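A.B. asks: If you scroll down you'll find the structure; I have some questions about it.
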Amino acid sequence: MHSLHLKQPFIRFAGLMAILILAFQVCHPLDLLAQPHTANAEDLKNFNKLLAKPEIFTPTQRVEIYNQHIGHYYSKNPDSVLIFYRQMYDFGNTIKDEYVMGSALNALAELSRMKGNYEESIPYYQESLKYMNEYPKNKYAILGSLGTVYMLGDQLDSAEVYISQSLQLVLAIKDTSGFSASYLQNGVLLSHQEKYYSALEQFFLALDYADRADIPLRKANTYSLIADCYQAVRDYDSAIAYSKLALAIAEEKKYSRMTSEMNEKLGVYYLQLNSLDQAESYFLTAISGSGNNEMPKSHIANYSNLAILASRRNDLPLAKQYLQVASTSLQANLSEIHKVVFYQARGLVSLSEKNWEESILSYQKIVRIGKETGNEQLRLNGYTGLSEAYRKSGQYKTALAYGDSLSQLHQQLDLAFQNRTMLDLNQKYEANLKNEEIAKLNAMQNVQALELNQKHKQLTFLLLGLFLTMAALGAFSYALITKSRNHKILSIKNNQLREALDNNKMLIKEIHHRVKNNLQVVSSLLNLQSRFETDNTVLRAINTGKFRVQSMSLLHQNLYLNEDLHSIKVKKYFEDLSQYLVKGYPLNGKEVHLELDIEDITLDIDTVVPMGLICNELITNALKYAYINTPQCRLWVSIKEANGKIRLMVKDNGVGTSFTELPVKSTSMGTQLIKSFGNKLKAVIEIDNFEGTEFKLTFERKVQTHSFNILINVAG
């Protein structure tokens, strides 16, 4: 059993938002919510002068004086603060000062947000934006606050709009002081959308600017968020490394609460890796840190995780003691989601004590909380515990039912995780391709501008030569000198462009290499997962997924080794793919004789990707179903081109199929993939059942439009 603390996206989100709000407070240009202080005569004098003669103050001074005046009431009469900010808005309206009006509205929004009234704060923020067009630093901060509020309300589409606008404005005005907070906010949004690799890219940018600005607290928070992303993609070594970096800063700067939280987080990571001694050390350090007893959430989590740890060591008396200590905070004002780790620990300890009823009750609570919050991972953990508890208590029928639910949910979660990861990586890959194309177009436009400039100068010199015959020789010499100089400039520019394009090619190749490595990691994870599964259905699903991932990995490997990044020679790729599938698929000792007839043709990547996935499905289908009663197994794979058409053929000598065309409706994912990618290629699919099964796909060759190898020498 694994600890649940900080493992679920829902649980992590509260921590992410706390860090995000803190980040924007650090860089926030509107210091509207002044700290409580004691009023003095000077403050009152300035305030009265402001009301009597507002014209002698600048807009920023007016806001500062008003805040000084209102700050006194935070500690004495908080309810009056709302009234004062409404009066501040009326005051700004009277003197026609939009900055004062916008600042007052933003302050009202901040007050509503701090009270948890997110919907109430949104109109205030939106209204304040209308008055901040002349103050871009204030505007991007308000846009960021709106994005944060929408995230807190789980309205991610709206949050994405405002966060994007905030980041674009920060970059446009080149306010480096706001770069780290804006990138941090964008990373939090991507993390909440479970786009962890894209989030990491934003967090590393935020970290770079936080380091330049020397903001240690933000650096520590960013390290913590990076660790959360690596934990989400199951890279615990990286998660531990970045958590330790955050802990080092927290200890050095004496951030006591963060120190306790990072020790707790490291304990969780080591517990998930089953490094019990290290996990115990960090949990005990977190407990000994200041403020732990004042934080019921951490109190429950640390002692519950220690109970899980003791249970794994079969020290049940100690586990029960830890559970008893953890239970003292159960009545605190916490949501049920923060008590899940306690129920997990109690279920595990009760299971070890053979207290089936208590264990079942605990795991049922976990399942209920998972359903209420929409957290499928919690349901998975609950079903796992229930299946084990019912099995050990002798209720095998109920245990089997929960086992079936567990298997189905596990498969759904694994597929969802793979799909999200692939989509995230693919989006990053496509974004890099677009950036490379834009850079290339910009470079060509610069070259064209230089050509036009040169022609304009030549025409000018020609006209001067016609009208100034007495200076013809001098003008001619000057034209030659100018042309020579421009020729040198253009030659230098061409060389620079070639270097830039070569660098872009290297970057794209590196992207293919990294994508290939990431796909290998996914394949390795699937392979590792298969070792822990005994259900044949689950094993087949995992192997199918592994072969699909490997198909993409081989493609990126070939692209990395290829000179032209937009096309690929199909012979080597499909030979490698076919041989990998035949050698890697378990056939209970049977050997399949593979015959390949693949022409050495070159196709663009948009054609090869669907072809590779279709070929993968056809070969794995043959290996899976065709050779049940076939003593001598043979498989033919052919790719040929004729009259501008490409034909892919996969044939086996197995038992054959009952259909001569793909079913209109099918629950098979493989069939759906073949139909979908076949439609993308606009291919005609033919199926022949004579002496086995033969699939043929025929489609028109696409005209290639990309080339990285041509650069016109405009210098002559």
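Taken together, the values in this text are just the output of simple stated rules run on the coordinates, not laboratory data. What you are looking at is a predicted structure, and each value in this text was computed from that prediction instead of being measured. We place every Cβ from the backbone using ideal geometry, glycine too, and count neighbours over all the protein chains shown.
A.B. asks: Beyond 16 Å, what share of the Cα-Cα pairs of segment 61-121 is found? Please give it as a whole percent.
C.D. replies: Tail of the P(r) past 16 Å holds 42 percent of the pairs.
A.B. asks: Among LYS590/LYS696; LYS96/LYS137; LYS569/LYS682; LYS137/LYS219; LYS195/LYS680; LYS115/LYS320, which pairs are too far apart, with a Cα-Cα distance over 30 Å?
C.D. replies: Distance filter (> 30 Å) returns LYS115/LYS320.
A.B. asks: Are there GluC sites (Glu not before Pro) in segment 113-154 that DSSP marks as loop and that have at most 15 other Cβ atoms within 10 Å, and which are they?
C.D. replies: Here the sparse-neighbourhood loop sites are GLU134.
A.B. asks: Let me ask another. Taking 30 Å as R0, compute the FRET efficiency from the Cβ-Cβ separation of HIS593 and GLU661 and round it to 0.05.
C.D. replies: For HIS593 and GLU661, the calculated efficiency is 0.60.
A.B. asks: Compute the normalised compactness of segment 291-394: alpha-carbon radius of gyration over 2.2 N^0.38 Å, N being the residue count.
C.D. replies: 1.03
A.B. asks: So what's the net charge close to SER327: Lys and Arg +1, Asp and Glu -1, counting the other residues with Cβ under 15 Å from its Cβ?
C.D. replies: Value of the local net charge: +3.
A.B. asks: For the residue pair GLN672 and ASP237, what label-to-label distance in nm results when each label sits 7 Å from Cα along the Cα-to-beta-carbon direction?
C.D. replies: 3.6
A.B. asks: Same structure, new question: If you count, for each residue, the other Cβ atoms within 10 Å and average over each peptide, how do 268-276, 143-151, 42-50 line up from highest to lowest?
C.D. replies: Descending packing order for the listed peptides: 143-151, 268-276, 42-50.
A.B. asks: Still on this structure, please answer the following. Quick one: length gained pulling GLU357 to LEU276 fully straight, 0.36 nm per residue minus the C-alpha distance?
C.D. replies: 26.4 nm
A.B. asks: When the Karplus curve 6.51 cos²θ - 1.76 cosθ + 1.60 is applied with θ = phi - 60°, which whole-Hz ³J(HN,Hα) does each residue of segment 262-271 get, with x for Gly and Pro?
C.D. replies: 5, 4, 4, 5, 5, x, 4, 4, 5, 5
A.B. asks: Further, regarding this structure: Between TYR396 and ARG368, take the C-beta separation as r, use R0 = 25 Å, and let me know the FRET efficiency to the nearest 0.05.
C.D. replies: Step by step, r from the Cβ atoms, then E = 0.60.
A.B. asks: Under a Cβ-Cβ cut-off of 12 Å, what is the net charge of the residues other than GLY153 that fall near it, where Lys and Arg count +1 and Asp and Glu count -1?
C.D. replies: Once positives and negatives cancel, what remains is -3.
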